Amino acid sequence: MRQTMRILLLPLIAMAMPAQAQTPLTPGIWTNVEDRSFAEEEGRETPPEMAFRIADDGRWQPIDAFGEAQADWQSIPLPGLNKRSGGGWEVSGSELRLARPFKCWFSVRKFAAKPDGSDDWSFQNNLAVFDQGGKVKVGGGDAPEATMRLRNVTWAKGSSNAPSLVIYAHRDHAERATSYSWAGPDSDRVGLNLRWLQGSCTRDDEAMGATAESLAAAGAEWNAALQAQDWKALRALYSDDVWLMTDKAPALKDADAIVRYLRRFADQGAKTSFEFEPEDVQVDYPYGFVTSPYRMAVQVPGRDEPIRSAGRALLIYKWQDGGWKLWRDMDNTTPDVTLDETE
């Protein structure tokens, strides 16, 4: 990463007052590479390069495109960080995007052939990179050296080009690629073969956290927020375009309306017991699918008997902003899920 980022950030780090608050950004790597890339084309001033690694505990650290730390971990608020009016985050007016981790392999044809005259190749595996401008060096020594770069490209405003996951090969020019290839923006793999260099990068779902285990945990987090009547936390678990299609009721297509629907009994002082145990959990990034029986009992003040319901739910999640967000929720009564186990 260029020295400009360090020039910009280090004085800000030094001037920022110590505070208990830490960054609200989702853990992972955030960069402004897409905001920079087409600034000039869009008639904007090009912002300095910025990239940050965010830890699980909220600390942050500036890094370069190779993922190398440019300063120590910081526990102060990230200087200049603000929410964007259209959603997302920015630093000093430059949009940040959360990168997805990838693992790559590359093979470069060596200068010298094998004793039998056939081509000899270098091989590097398990190279970590991220899709918001991340870089990795390949080859070198007895083979040509190249720098590979990965971007999830969103083109300049007004462009007819579709967003793409792009892998670039750089030789003698840091900014201008020698060659590149692309795939759809949600692809889990992209590769290229230049005859002298070949390889591919595969999305690292485990490193990203988009696993069946984290998907099942998202359901437990939802239930905990409901039981605690933490409506703000519950709202944060829904995508903005969520649908709730519950049994014998019109569909709700607004996250805030869904939270109001779920809290209607609590606002009357009712106590809710909700039980579910996922029977099937499947991940097909960026979607996750959970099928689960449910049993619910609501004790409303003034009623002798609780209101009871049981059935099966089909939940569809989307991976957004580094976590699972509930996107579609369909609940139906079914004869093979009874009320007997609900207290």
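Tally time: how many residues in the range 314-343 are in contact with a helix residue (DSSP H, G or I) (Cβ under 9 Å, 6 or more places away or on another chain) and either of a type in the set (A, V, I, L, M) or without any contact (Cβ under 8 Å) to a residue 40 or more places away in the chain (or both)?
Total meeting the criteria: 2.
Out of all the residues in the range 293-312, is one or more assigned to a strand (DSSP E or B), within 30 Å of Arg203 (Cα to Cα), under 29 Å from the mean Cα position of the chain (by Cα) and in the same structural domain as Tyr238 (by TED's automatic domain parsing)?
Looking for residues that are assigned to a strand (DSSP E or B), within 30 Å of Arg203 (Cα to Cα), under 29 Å from the mean Cα position of the chain (by Cα) and in the same structural domain as Tyr238 (by TED's automatic domain parsing), one finds none in the range 293-312, hence no.
So Cys201 ticks every box in (1) in contact (Cβ under 8 Å) with a residue 24 or more places away in the chain; (2) assigned by TED's automatic domain parsing to the domain that holds Asp267 but one. Which box is left unticked?
(2)
Being crowded, with 19+ Cβ neighbours inside 10 Å and of a type in the set (Phe, Trp, Tyr) is true for just one of Phe111, Phe66, Phe102, Phe123. Which residue is that?
Phe102
Can you go through Ser118, Ser122, Ser164, Ser160 and tell me which one is without any contact (Cβ under 8 Å) to a residue 60 or more places away in the chain, over 23 Å from Asn193 (Cβ atoms) and in the same structural domain as Tyr180 (by TED's automatic domain parsing)?
Only one candidate qualifies: Ser160.
Just to be sure I understand, how many residues within the range 35-63 are under 18 Å from the mean Cα position of the chain (by Cα), buried (at least 20 other Cβ atoms within 10 Å of the Cβ) and of a type in the set (Asp, Glu)?
Number of matching residues: 1.
The values are calculated or read from the model by the stated rules, or taken from the named source; none is laboratory data. If you're wondering where the values come from, they're calculated on a predicted model, not measured in any experiment. Positions of Cβ are backbone-derived with ideal geometry, glycine not excepted, and every protein chain shown enters the neighbour counts.
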